[in-house]
Amino acid sequence: QVQLMESGGGLVQAGGSLRLSCAASGRIFTINTMSWYRQRPGKQRELVATMSSGSSPNYADSVKGRFTISGENAKNTVYLQMTSLKPEGTGIYYCNMNVKYNGDSAINRNIFWGQGTQVTVSS
């Protein structure tokens, strides 16, 4: 059906930058919403940034001014540019897409998740 593959996580010092990528593959017609979530140690998964067709991106207050979400529709890819990273930003980052796709017997819409990529920010 549809698979999401993330890349770009790693270890970075506080104040540094990372760029995450997430590419969707499969029998995709359209992608309505692209988002990034994160799960920090001991905390619930939270929305970091989201973008929808025809709308301005939205960000969690904790990342406004430092993170930028962008998409490349032709490649079914979403990016998260992270700057001025802080140690409290350490966690697993997941991409999420609302996808309209060609199923086995019908056109379907569903939400898909990437496998997660670890981001570690050292102090």
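The values are calculated or read from the model by the stated rules, or taken from the named source; none is laboratory data. Just so it is clear, the structure is predicted and the values come from calculations on it, not from any experiment. In case anyone asks, the SASA skips ligands and DNA or RNA and just uses the protein heavy atoms, side chains included. Shrake-Rupley method; radii C 1.70, N 1.55, O 1.52, S 1.80 Å.
The mean sequence separation of alpha-carbon pairs under 8 Å and at least six residues apart, normalised by the residue count of the chain, gives a relative contact order of 36 percent. Per residue, the chain exposes 54 Å² of solvent-accessible protein surface, assessed with a 1.4 angstrom probe and all protein chains in place.
Close lysine pairs were tallied over the chain: pairs 8 or more places apart or on different chains with Cα atoms under 23 Å apart number 4. Binning the C-alpha pair distances of the chain at 5 Å intervals from 0 yields a P(r) profile of 2, 12, 22, 23, 18, 11, 7, 3, 1, 0, 0 %, listed from the shortest bin outward.
Note on the stretch 22-99: with neighbouring protein chains present and a 1.4 Å probe, carbon and sulfur make up 46 percent of its accessible heavy-atom surface.
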